[in-house]
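What follows is one structure encoded as structure tokens, with my remarks underneath.
The values are calculated or read from the model by the stated rules, or taken from the named source; none is laboratory data. Everything numeric in this text was worked out from a predicted model, so none of it was measured. In this analysis, Cβ positions are derived from the backbone assuming ideal geometry, glycine residues included, and neighbour counts consider all displayed protein chains. These accessible areas exclude ligands, DNA and RNA; they are computed on the full protein's heavy atoms, side chains included. Shrake-Rupley method; radii C 1.70, N 1.55, O 1.52, S 1.80 Å.
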Amino acid sequence: MALSPKARPYLLVAAVVLAVVGVLVAKTPGETGRPVAVPPTSTPPVVNEVGGDGAGDPYYPQDGNSGYDVSGYDVSISYDPATRHLDGKTRITAVATADLSRFNLDLYQLEVSEVVVGEEKAQFTREGEHELVITPAQPLRRDQQFVVTVTYGGEPTVVQDRALGRSGWQISASGGAFAAGQPHSATTWFPANDTPRDKATFKLAARVPDGWSAVSNGVEEGTTREAGWTTFRWNAPQPMATYLATVAIDKWTFDRSVLPDGTPVVSAYAPGALDARDDHRRLPEVIEFLSGKFGPYPFQAAGGIFLVDNIGFSLETQTRPIYAQWANLDTMVHENAHMWFGDSVSLRSWSDICLNECFASYAQWMWEEGKDGVDLDDRFRSEVARTRDSENYWARKLYDMGRGNEFRGVYDKGQLAVHALRRQIGDESFDKVLKGWTATHRDGNASWPEFEEHVEKVSGQDLDAFFAAWFRGAELPPSDDLLYPGSLRR
């Protein structure tokens, strides 16, 4: 991969005609010593710093960029399912975090026709797989707010990710399209700072031929029709990681309702997916249950997007998860648990993925405990007995597992580890841990080491050995006290 230069020293002074400290004083000929102020003369410093081509994630070092912070995306697309062609214009509002003569966005494949920074056209080049390198007509100063508008088009292509397989823009079985994937998805259909560390608000206007419709994140803001095309508008006003942004285009059947607190619910069913309604009617019950465990529902909208496609995953696209054809009520509990763990509170690095998946997976256990009366201690002991002699099972680390291994252990070993934590600190502390974590980091990012500190503070326990055995380790916890904490011991 051809990479852009990393950030380097800046503010090289081109020339200084006259250095002045304070006010220069001179005598004008013919006057008797009256001081005259002479303004200093100098050339402004040349800005040479360039934004980096990565945000610093150890597993995906070229994901995202440095040098600026995005506050909002305003995306407009037109897509014709018949030709699979997409035209787009994205306005990105950001603040420079350094003096910049150049900065990068991420965008896969699509052809860029114009970039404007502020009101002036900017120069741009493409580097590597996804780097859009932009040189504004005027350098950006640190703390300066700016708007960059990118016009682009083409046929979006899927990204093959080692971690999850197919990610990003995908053609659906019905002939429509949808965007979903982790860790990459957004930049197959709009330019972005593609890192979870730079969360931002998101607006979408999606224009499609009449007869088709488009669903996305957040609150529905109406439609307009013109010349055989319909534009659907959506607004997600709370910060969102880029991989959680979605658009799905199909001949949807929509269900609309409200939660008891007034939160609007919009769900979309692809042709052939209407059977999913039976499970999804329980969404208010699911959100009420999870709110009792994690704290108030953190967003202004809810719902779901139901495909007929047998993709290998369902995904917690913010406020409105995308469900594969095989998804069931258990999946719905998992994906909506992510609204707290993963969406509202987002990971800082992909090594922190247990903060998302371990807790969303354990939410499935808590649901079965609360709704079906399942004894989780018995389930835990049975799972340990079943896997105790499997070195491969226990070798999967839950924190800092290495690139490509993010999703190996978090769904099953992760459930055991979280239940062990619950028994180690007790139900009262566990409840405070979950609700305090989601309240403290709402709309932000956090890391696994921060979570460990949080748990120790709430519980008043030294848990270094516990976390080393269950989350950082790659083997069966070495003693029965660690393997069977609290009430798990017989």
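Taking the helices alone, the chain has a mean residue ellipticity at 222 nm of -6500 deg cm²/dmol, built from -39,500 (n - 2.57) per DSSP H run of at least 4 residues and averaged over all its residues.
If you look for lysine pairs in the chain that are eight or more places apart or on different chains, how many of them have Cα atoms under 19 Å apart? Kindly include the intermediate steps, with their values, before the conclusion.
On the way: Lys89/Lys121; Lys89/Lys203; Lys293/Lys371; Lys293/Lys432; Lys293/Lys435; Lys397/Lys413; Lys432/Lys457; Lys435/Lys457.
For the chain, qualifying lysine pairs total 8.
Counting Lys +1, Arg +1, Asp -1, Glu -1, what net charge surrounds Pro296 among other residues with beta carbon under 15 Å of its beta carbon? Spell out each step's value before the answer.
Details: positive: Lys293, Lys435, Arg442; negative: Asp261, Glu288, Asp343, Asp431, Asp443.
Here the charged neighbours net out to -2.
The spread of Cα positions in region 352-490, taken along each principal axis and listed from longest to shortest, comes to 40, 37, 29 Å.
So what's the angle, to the nearest 10 degrees on a 0 to 90 scale, between helix 283-294 and the longest Cα principal axis of the chain? Taking Cα atoms only, the helix is inclined about 80 degrees. With R₀ set to 25 Å, the beta-carbon distance separating Arg442 from Asp330 gives a calculated FRET efficiency near 0.45. With the simple spin-label model, which puts each label point 7 Å out from Cα in the Cβ direction, the Val374 to Glu155 separation comes to 4.4 nm.
What does the C-alpha gyration tensor say about the overall shape of the chain? Classify as rounded when a/c is under 1.5, otherwise prolate if a/b is larger than b/c, or oblate. Note, shape of the chain comes out oblate. Among Gln424, Thr224, Leu132, whose Cα lies farthest out toward the positive end of the dipole of the chain, if unit charges sit on the beta carbon of Lys, Arg (+1) and Asp, Glu (-1)? Of Gln424, Thr224, Leu132, it is Leu132.
Output the antiparallel fraction of DSSP beta bridges having both residues in the chain, as a percent to the nearest 5. Show your work: numbers first, answer last.
Details: 81 of 100 bridges.
The answer is about 80 percent antiparallel.
Surface exposure of the chain, expressed per residue as accessible area with a 1.4 Å probe, stands at 42 Å². Taking only Cα atoms, what is the 0 to 90° angle, nearest 10, from helix 376-387's long axis to the longest principal axis of the chain? Helix 376-387 sits roughly 90 degrees off the main axis of the chain. According to the square roots a ≥ b ≥ c of the eigenvalues of the Cα gyration tensor, what is the shape class of region 328-386, taking rounded for a/c under 1.5, prolate for a/b larger than b/c otherwise, and oblate for the remainder? Verdict is oblate for region 328-386.
When only Cα pairs below 8 angstrom with a gap of at least 6 residues are kept, the chain shows a relative contact order of 10 percent. Looking at region 240-313, the DSSP beta bridges with both ends there are about 55 percent antiparallel.
Expressed as a rounded percentage, what relative contact order does region 251-305 have, with Cα pairs under 8 Å and six or more residues apart?
Details: 53 pairs, mean separation 21.7, N = 55.
Relative contact order of region 251-305: 39 percent.
What does the net charge come to around Ala360 if you take all other residues with beta carbon closer than 9 Å to its beta carbon, with K and R at +1 and D and E at -1?
Details: positive: none; negative: Glu316, Glu335, Glu357.
Result for the neighbourhood of Ala360: -3.
All other residues whose Cβ lies under 12 angstrom from that of Ser174 are scored, Lys and Arg at +1 and Asp and Glu at -1, for a net of -1. Using a probe radius of 1.4 angstrom, the carbon and sulfur fraction of the accessible surface of region 359-490 is 40%.
Segment Glu120..Val147, full-extension length gain: 8.7 nm, with 0.36 nm per residue of separation and the alpha-carbon distance subtracted.
With Cα atoms defining each centre, region 187-212 and region 443-481 are spaced 36 Å apart in the structure. Helix 448-459 sits at what angle to the longest principal axis of the chain, using alpha carbons and giving 0 to 90 degrees rounded to 10? Approximately 60 degrees, to the nearest 10.
If I compute solvent accessible area with a 1.4 Å probe over the protein chains, what percent of it on region 213-313 is carbon and sulfur?
48
Quick check on region 289-439: take the gyration tensor over C-alpha atoms, sort the square-rooted eigenvalues as a ≥ b ≥ c, and tell me if it's rounded (a/c under 1.5), prolate or oblate. Cα axes put region 289-439 in the rounded bin. In whole Å, what is the distance between the alpha-carbon centres of region 226-276 and region 298-328? That distance is 10 Å.
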